[in-house]
Amino acid sequence: EQRESWDGSPLVKYCGCWLQVMLFRPVLAAQKHFKAKSTDILLSTMPKSGTTWLKALTFSIANRNVFPIDQTPLLTSTPHMLVPFLELNVYWEQDNPDLENIPSPRIFSTHMHFELLPVSIRETDCRIIYICRNPLDQFVSHIQFLFRNKFGKDADPAAMDEAFEMYCQGIYSFGPFWDHILGYWNAHLENPGKVLFLKYEDLKEDITSQVKKIAEFLGLPFSQEEEEQGLIDQISGLCSFESLRNLAVNKTGITLGVLKNSSFFRKGQVGDWANYLTPAMAERIKKLMDTKFEGSGLLFKT
Ligand code: A3P
């Protein structure tokens, strides 16, 4: 099934998931070619849910014995260069990239639904970290991201209305949002040692406990000595919104063809949706969340 997205770009429905048509081939290529290793780490997200933040944190935690914090590659490379997307980078132009010689742990990212992941990712011992964000903020962040990149300004209300309608119908890039989130939530419930499920809002509320959680999940818990040296605070500080946004490498240049590196850092707040969505729009998403997440045990702070 094919549809036109609110912005005119073509979408295709594949295994119940809406994808931009241009991503269809890379997704199929990844499904066919990617062979997961048990040491791999996959970071999975809906766009605008904290991908950049999670990339910086996971890279820093996993490589903390390789690079001292003052020589971290994050000072000279963007999080998206250090942790490539399977469908948007690795398989974007190639069907058979050579991934064997990448040192372990290899860290990749994806926006694919759980059901679309290459089988070897689901069936080996590699670890998946999923971060989600309350859909109200995620929607607003996404539309502002697209508008700022395309037109250099915030979305106008008419475009916001149109995009919102399709978002609520689930006909949206990587939508429906509820299926994306529930796919990873259920996989986490089934095997919490394989899938760590994080929320953007929890990281904002208490980054220290979430950094520890990521390290423990990866089998790399912080030693008492590291804690006493303040390493958790150093990593959290380095990866904070202000710190990453102010690094020269994140202020200039483009990534993924057309997207400005700086556009990955907008406000970094919880609850910014209230500045853009009408009460009726907010109510509609909240009702959708109530219905779709009913019985799952999944709750969001909005
Ligand atoms: P806003 O548009 O609400 O500001 P992604 O990385 O998945 O593309 O998500 C981008 C969103 O995360 C943007 O949200 C961006 O500002 C925010 N963000 C980026 N880096 C962050 C960080 N280190 N800490 C908190 N939020 C961050």
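Quick note: the coordinates plus some simple rules give every number you see, no bench work behind them. Remember, it's a predicted structure, so these values are computed and weren't measured experimentally. Because the Cβ atoms are built from the backbone with ideal geometry, glycine has one as well, and the counts that use them run over all protein chains shown.
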Using only the Cα atoms of region 1-138, build the gyration tensor, take square roots of its eigenvalues as a ≥ b ≥ c, and label the shape rounded, prolate or oblate: rounded if a/c is under 1.5, else prolate if a/b is larger than b/c, else oblate. prolate
For Lys153, give me every one of the lysines with a C-alpha distance below 20 angstrom, ignoring sequence neighbours fewer than eight places off in its own chain. Lys48, Lys251, Lys260, Lys267
Who wins for biggest fluctuation among Cys15, Cys132, Cys239 in a Gaussian network model of the chain, springs between alpha carbons below 10 Å? Cys15
Only Cα pairs within less than 10 Å get springs; with that Gaussian network setup on the chain, which residue of Val258, Val119, Val90 has the largest fluctuation? Val258
How high is the relative contact order of region 171-302, in percent, counting Cα pairs under 8 Å that sit 6 or more residues apart? 19
What is the distance, in nm, between label points placed 7 Å from the Cα along the Cα-to-Cβ direction at Thr302 and at Asp154? 2.0
Could you work out how much longer the chain between Ser262 and Asp125 gets when fully extended? Use 0.36 nm per residue separation minus the Cα distance between them, nm to one decimal. 45.8 nm
Residues Thr252, Thr78, sorted so that the one with the fewest Cβ neighbours within 10 Å comes first: Thr252, Thr78
Taking H as built 1.01 Å from N, whose amide H comes closer than 5 Å to the amide H of Phe85, not counting residues under 5 places away? Val90, Ser109
Hey, can you grab everything whose amide H is under 5 Å from the amide H of Cys17? Only 5+ residues off in sequence or another chain; H modelled, so Pro and N-termini drop out. none
Rank Lys212, Lys267, Lys286 by mean-square fluctuation in a GNM of the chain with C-alpha springs under 10 angstrom and give only the top-ranked residue. Lys267
Helix-only mean residue ellipticity at 222 nm for the chain, each DSSP H run of n ≥ 4 adding -39500 (n - 2.57), per residue, nearest 500: -12500 deg cm²/dmol
Through the Karplus equation 6.51 cos²θ - 1.76 cosθ + 1.60, θ set to phi - 60°, convert the phi angles of region 4-12 into ³J(HN,Hα) values in whole Hz; use x for Gly and Pro. 9, 6, 4, 9, x, 7, x, 10, 10
Burial order of peptide ranges 167-173, 53-59, 31-37 (average beta-carbon count within 10 Å, highest first): 53-59, 167-173, 31-37
Rounded to whole angstrom, the alpha-carbon centroid of region 116-187 lies from that of region 268-289 at a distance of 15
So, in Å, what gap is there between the alpha-carbon centers of region 240-266 and region 208-223? 26
DSSP-assigned coil residues among GluC sites (Glu not before Pro) in region 7-107, each with at most 10 further Cβ atoms within 10 Å: Glu93, Glu100
Rounded, prolate or oblate for the chain? Axes are the square roots of the Cα gyration tensor eigenvalues, ordered a ≥ b ≥ c, and the cut-off for rounded is a/c under 1.5. rounded
